[in-house]
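Below is one structure, written out as structure tokens; comments come after it.
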Amino acid sequence: MSEPLVLGIETSCDETGVGLVRGHTLLADAVASSVDEHARFGGVVPEVASRAHLEAMVPTIERACETAGVRLHDVDAIAVTSGPGLAGALMVGVAAAKALAIGLGKPIYGVNHLAAHVAVDQLEHGPLPEPCLAMLVSGGHSSLLRVTDVTIGVDPLGATIDDAAGEAFDKVARLLGLPFPGGPHIDRAAREGDSVYVDFPRGLTSRRDLERHRFDFSFSGLKTAVARWVEARERSGEPVPVNDVAASFQEAVCDVLTRKAIDAAQTQGIEDILIGGGVAANSRLRAMAEERAAAKGIRVRVPRPGLCTDNGAMVAALGAEMVSRGRTPSALDHPADSSLPVTEVLV
Ligand code: KG4
Ligand code: ZN
């Protein structure tokens, strides 16, 4: 077969993503986000997200086909995020994918959202180095994974034991009076701030913690430290230097993430680190990872920001890889699984 044309559908959180990919070539990446509808609640409201997916699904599929200049009948396979994510939101995408698969008589691949965050980099930087060390950091997950063949499985080396990295960005942004989602706002504020203004704690980096949690993360203590610091300032009647606190907080997160990713790569004898997920859009994380990794002879790959946040192209990219490598498609009655383990890349 020539390179497979795959339609990918992503609905695990608040983005309705529909991507079209041929092999490793991105043809279209249509995204409709319900983020504005959640902003006043300070976090994603599952029922609101599900309803928004339902309304956005058909127009987003049409937009993707139009951009790519392909008809639905031309696709070789449908790929969809089966988990992990919000149960109701996932169900909308999985139901839409099944309807397309049945209607078009094409195979369906129910894939893992995290593995899709890894596979998407192929659209920008070509085939993945095997093995590579993937660091996935987003609103819902923070993990270090050893990836040899992303269509077969990934090996988790560590993960957050409490908040995800993006969650910490969102919560700290809220403390500082910045809008949701907070990551991009902290990133921007931090550019004007002093990153050594406050020496915030680096979670799970003490010698004792490293014995048990060498490749795990913890961000809830950092979030509490920022909250206490801000409260103390407010009590004393002094203004809170938002840019400096944002920069100091961001520095603490990026310091721990990059240190642990490089340590994991070195321990595994891996020379390529791939960073994915919404927090990979962070400018300081990108710069620090590149600088520190280069000093150790390790290469860093980060997709462009639009491919780091949730999108349909990443699902299509993983689906295309499944087709190219001859993996068996999913059953038509495969369920959406909100807690799909990271080790299960194809349902
Ligand atoms: O991957 P994603 O779109 O959705 C999830 O699967 O969670 O990630 C969203 C997360 C949010 O927490 C958001 O604040 C964070 O990614 N984020 C950032 C930046 N852009 C998005 N965090 C730090 N810096 C950024 N520039
Ligand atoms: Zn994600």
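Each value in this text was obtained by applying a stated rule to the coordinates, not by laboratory testing. From a predicted model like this one, the values you see are computed outputs, not experimental measurements. Reconstructed Cβ throughout: ideal geometry from the backbone, glycine too, with neighbour counts over all protein chains shown.
Tell me the net charge near Val94. Cut-off is 13 Å between Cβ atoms, Val94 excluded, with +1 for each Lys or Arg and -1 for each Asp or Glu.
Overall, the nearby charge balance is -2.
Given H placed on each backbone N at 1.01 Å, which residues far from Thr160 in sequence or on other chains put an amide H within less than 5 Å of it?
Ser142, Phe217
Roughly speaking, what is the stretch gain from Glu234 to Val196, that is 0.36 nm per residue apart minus the C-alpha to C-alpha distance, in nm to one decimal?
That works out to 11.7 nm of additional length.
How big is the gap, in Å, between the Cα center of region 169-187 and the Cα center of region 13-59?
21
What ratio of Cα Rg to 2.2 N^0.38 Å holds for region 252-339?
Normalised Cα radius of gyration, region 252-339: 1.35.
Show me, for region 62-74, the HN-Hα J-couplings you get by feeding each phi into the Karplus relation (A = 6.51, B = -1.76, C = 1.60, θ = phi - 60°), rounded to Hz, glycine and proline as x.
4, 5, 4, 4, 4, 4, 7, x, 10, 9, 4, 5, 6
Sequence-distant or interchain residues sharing an amide H contact under 5 Å with Gly182, placed H: which?
Asp170
Please tell me the relative contact order of the chain in percent, rounded to the nearest whole number, where contacts are Cα pairs under 8 Å and at least six residues apart.
27
Applying the Karplus parametrisation 6.51 cos²θ - 1.76 cosθ + 1.60 with θ = phi - 60° to the phi angles of region 94-100, what ³J(HN,Hα) value in whole Hz is obtained for each residue in order, glycine and proline being reported as x?
5, 5, 5, 5, 5, 4, 5
Taking K and R as +1 and D and E as -1, what net charge do the other residues with C-beta under 15 Å from the C-beta of Glu55 add up to?
Its environment carries a net charge of -4.
Please list the non-local residues whose amide H lies under 5 Å from the amide H of Ala28, H modeled 1.01 Å from N, same-chain partners needing a gap of 5 or more.
Amide H to amide H, under 5 Å and 5 or more residues apart or across chains, Ala28 pairs with Leu20.
Go through region 47-52 residue by residue and turn each phi into a ³J(HN,Hα) via Karplus (6.51, -1.76, 1.60, θ = phi - 60°); whole Hz please, and just put x for glycine and proline.
5, 5, 5, 4, 4, 5
So if R0 is 56 Å, what FRET efficiency would Arg174 and Ser2 give, r being the distance between their Cβ atoms, rounded to the nearest 0.05?
My answer for the efficiency is 0.70.
In whole Å, what is the distance between the alpha-carbon centres of region 282-343 and region 234-276?
Result: 21 Å between the Cα centres.
Taking the Cβ-Cβ separation of Arg325 and Ser220 as r and a Förster radius of 41 Å, what is the calculated FRET efficiency to the nearest 0.05?
After rounding, the FRET efficiency stands at 0.55.
Of Thr224, Thr81, Thr309, which is the most mobile in a GNM of the chain whose springs link Cα atoms less than 10 angstrom apart?
Thr224
Work out how much length Arg207 to Lys296 would gain on full extension: take 0.36 nm times their residue separation and subtract the Cα-Cα distance, in nm to one decimal.
My answer for the length gained is 29.9 nm.
What does the charge add up to near Glu124, with Lys and Arg as +1, Asp and Glu as -1, over the other residues with Cβ less than 12 Å from its Cβ?
Residues near Glu124 contribute 0 overall.
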